[in-house]
1. Please go through region 160-232 and write out the GluC sites (Glu not before Pro) that DSSP classes as loop and that have at most 15 other C-beta atoms within 10 Å.
2. Tell me the carbon and sulfur percent of the accessible area for region 147-221, rounded to whole percent, probe radius 1.4 Å.
3. Could you work out how far the C-alpha centroid of region 585-639 sits from that of region 393-421, in angstrom?
4. Against the globular-protein guess of 2.2 N^0.38 Å, express the Cα radius of gyration of region 296-473 as a ratio, rounded to two decimals.
5. Sort H283, H450, H110 by heavy-atom solvent-accessible area, probe 1.4 angstrom, most to least.
6. Rounded to the nearest 0.05, what FRET efficiency do M257 and R687 give with R0 = 25 Å and r taken as the Cβ-Cβ distance? Could you check?
7. So, in Å, what gap is there between the alpha-carbon centers of region 242-257 and region 451-500?
8. What residues from region 286-319 fall in the zone where the backbone N is under 20 Å from a label point 7 Å along the Cα-to-C-beta line of R399?
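The values are calculated or read from the model by the stated rules, or taken from the named source; none is laboratory data. Please read all numbers here as calculations on a predicted model, not as lab measurements. Note: ideal-geometry Cβ built from the backbone for every residue, glycine included; neighbour counts use all protein chains shown. Quick note on the areas: whole protein, heavy atoms, side chains included, nothing else; ligands and nucleic acids left out. Shrake-Rupley method; radii C 1.70, N 1.55, O 1.52, S 1.80 Å.
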Amino acid sequence: MAVVGFEKRGEVALILVDNPPVNAISRQVRAGIIDRIIQVQEDPQVKAVILGAIGRTFMAGADIKEFGQPPLEPGLPAVLQALDHTPKLMVAALFGSALGGGLELAQACHYRIALKGTKLGQPEVNLGLIPGAGGSQRLPRLVGLKKALEMIVSGRPISAEEALEAGLVDRLAEGDILEAAVAFAEQMVAEHAALRRTSMLDVDTSDIEAGFFDAYRQKTAARSRGLVAPELAIEAVEAVTSMNFSDGVTNERRLFMQALYSKESEALRHVFFAEHVVRRIPHLDPMIKPRRIDAVGVVGGGTMGGGISMAFANAGIPVTMLEVSDQAIEAAKQRMRANYQGAIKRGKLTEAEVEERLALIRGTTNYEDFGEADLIIEAVFEQMDLKKEIFRELDRVARPGAILATNTSYLDTNAIAAETNRPGDVLGLHFFSPANLMRLLEIVKAAKTHPEVLLTAVKLAKRISKIGVISAVCHGFIGNRMLEGYIREAGLLVLEGAEPQDVDQVIYDFGFAMGPFAVMDLAGLDIGYMLRRQFPAERFDANAYRLLDRLVEMGRKGQKTGAGVYKYEAGSRQPQIDPVSEGVLAEERKAAGFPQRRIGDEEILLRCLFPLVLEGAKILDENVAYRPGDIDVVWINGYGFPAYKGGPMYWADKVGVGKIEAAIEIFGETHGGRWWQAGRLLKYLSREGLGFEEYYRQKFPSIYE
Ligand code: T1G
């Protein structure tokens with residue numbers, strides 16, 4: 001099957017890329033397009049050419065799988081060159097997601113027609129890249145410098161309507177895009193329309209005031225923190241004001257290569273694939289199909305239950321939300337309405353759209369109303385007896401084949417499943433707060449969970465725009481189990497002499513949005529306080545929580561009470577050092593009797609991050625997580641680990657597993673051996689000089705298929 005098909009409709013030729021699933025521009029596609037361009041050039045009958053695609057989308061970009069490999073000729077620039085110089089009128093027929101190199105191909109055509117609903121963008125920065133095939137030079141010529149700069153540096157796609165308004169698209173279509181494109185091309189030929197070569201267009205710089213680009217750099221500095229691609233992208237676009245097209249493209253290629261070989265891009269491409277591989281259930285029988293989920297029930301309308309209800313309503317799935325009274329239902333609805341205000345303020349949603357979504361959420365106080373639900377999610381507070389009672393009720397009222405899920409963060413899903421007569425239909429769906437916004441969803445596979453139920457959850461995660469990561473049952477699953485060591489070490493560091501703001505600064509400088517103390521203030525110090533008291537004391541190092549427990553017992557629970565580790569001015573989320581908290585810490589340092597010392601940033605960083613690697617290795621070795629990349633996905637999407645560092649396991653591979661294992665031994669000698677016990681896998685990889693990713697791909701290739 002040719003990956004670049006060809007057909008003629010009268011005097012219009014169609015070059016049709018057919019490279020599922022997203023028509024990525026692989027080497028074969030590039031060579032095929034060039035061959036077809038040559039073919040039509042030699043055909044005197046052909047008066048116009050459509051560049052289009054078959055399947056679900058126009059070309060969605062270069063084939064990311066080729067990056068990091070030796071370049072394969074012809075490169076994309078060669079295709080652009082051929083397009084740019086063709087003597088035949090070229091029309092791009094856009095639909096689906098015309099992204100990256102795909103949009104660059106379209107920009108090199110003379111005209112563009114797009115189906116309503118098409119997304120058009122240059123998302124390269126999300127991969128640590130910049131447009132590498134003339135996009136930084138053509139886009140400004142089509143939509144103006146400022147619009148092009150925003151599209152390229154933000155990576156955010158625009159709608160077909162916005163593209164029409166901006167001049168990126170010449171016409172919108174409905175129905176069959178190829179038919180519409182042929183008609184459009186015929187009309188252009190009949191009107192003797194010019195071959196409008198984008199590369200020959202002038203750029204209007206009249207609205208670019210002096211210092212514009214530097215001001216743009218300052219404006220975007222915060223979101224570009226730690227990244228190299230945004231600055232390279234700005235440089236590439238800025239060159240439009242001083243270089244001709246050809247020099248601008250050469251300059252762009254230079255900058256693109258810098259981005260391509262940057263460690264940030266390598267990490268971001270790892271994350272891109274890890275976020276796709278994570279959906280693959282190893283050794284799943286291909287005959288197994290997911291169940292239909294058309295209606296969902298949620299038990300509880302609190303913070304989590306309300307957020308979960310919104311997540312489903314946002315995907316157009318009706319929800320029946322159970323609460324204890326009509327007042328509680330009304331309160332839940334008000335909370336959800338308030339949560340939507342942010343989206344309205346940001347222009348993401350209109351009031352009407354919010355009301356439409358809220359209308360999908362029906363409140364009830366009656367379990368019987370769950371009778372039609374295909375999935376019911378329990379989202380009440382973390383109390384095992386209560387959850388068991390709820391699952392006995394759900395087992396009674398839910399229809400046969402309905403899936404029952406618990407949102408528990410820690411509790412034993414097997415024990416919950418055992419309360420029902422349908423353990424195969426039970427699993428965990430651990431949402432992260434706020435559940436309507438956080439992308440991460442831990443899908444907790446209980447011992448008896450049917451593979452079909454697991455597959456249903458994986459598919460559902462994508463449908464509600466979540467990243468679903470499968471975890472087996474253990475204390476804290478993947479994310480929270482690793483979080484314990486991170487918080488423990490932060491707590492011990494401040495008892496030994498580090499200041500909370502120093503620990504937070506080091507973690508912020510590494511790339512997290514917030515350090516551990518600021519995060520705990522945000523989430524509420526009382527959550528950890530109550531949780532730790534549900535488990536045997538020996539599970540925790542009591543010293544690590546001296547400061548936090550004292551603060552909670554003083555009523556200082558964090559932002560929600562105006563003070564926790566830090567204090568917060570009314571209405572502000574900005575942490576401020578608080579002498580009261582400092583005084584408590586001084587008392588606890590004395591009580592703990594730790595010798596006080598100045599602790600360097602490097603020790604702070606490694607003491608906080610190495611526990612993630614240590615526990616992550618055990619999680620892998622126990623088959624709690626399938627792959628190291630799955631753990632990376634959890635920590636990037638659930639805990640703010642910087643994506644441009646690839647996630648904790650990827651980062652460990654870059655640091656060197658052997659070095660980490662050696663450091664863990666030293667920490668064990670100096671800080672209390674109980675916690676610093678490397679597991680079997682970490683020791684093995686250290687001895688063999690292997691990284692997590694290379695070991696898993698070599699030893700277990702099938703779990704990546
Ligand atoms: N290359 C290779 N594979 C890709 C791909 C790509 N560009 N995009 C997606 N896939 C695979 C993906 O791994 C998955 O595979 C399957 O397609 C479906 O993806 C020169 C240098 C297009 C909006 O960044 O944003 O062009 O896991 O589940 O939800 O200047 O995929 O099923 O085996 O995400 O419908 C720029 C990235 C590249 C677009 C579709 N382009 N892709 O979303 O499907 S760099 C991008 C997406 C570039 C030029 C530069 C989304 C999508 P599998 P999916 P989806």
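1. Passing sites in region 160-232 are E174, E191, E209.
2. The nonpolar share, carbon plus sulfur, comes to 51 percent.
3. Here the answer is 32 Å between Cα centres.
4. Ratio of Rg to 2.2 N^0.38 Å for region 296-473: 0.97.
5. Heavy-atom accessible area, descending, gives H283, H450, H110.
6. The value I calculate is 0.10.
7. 44
8. Residues 289-299, 312-313, 316-319 fall inside that zone.
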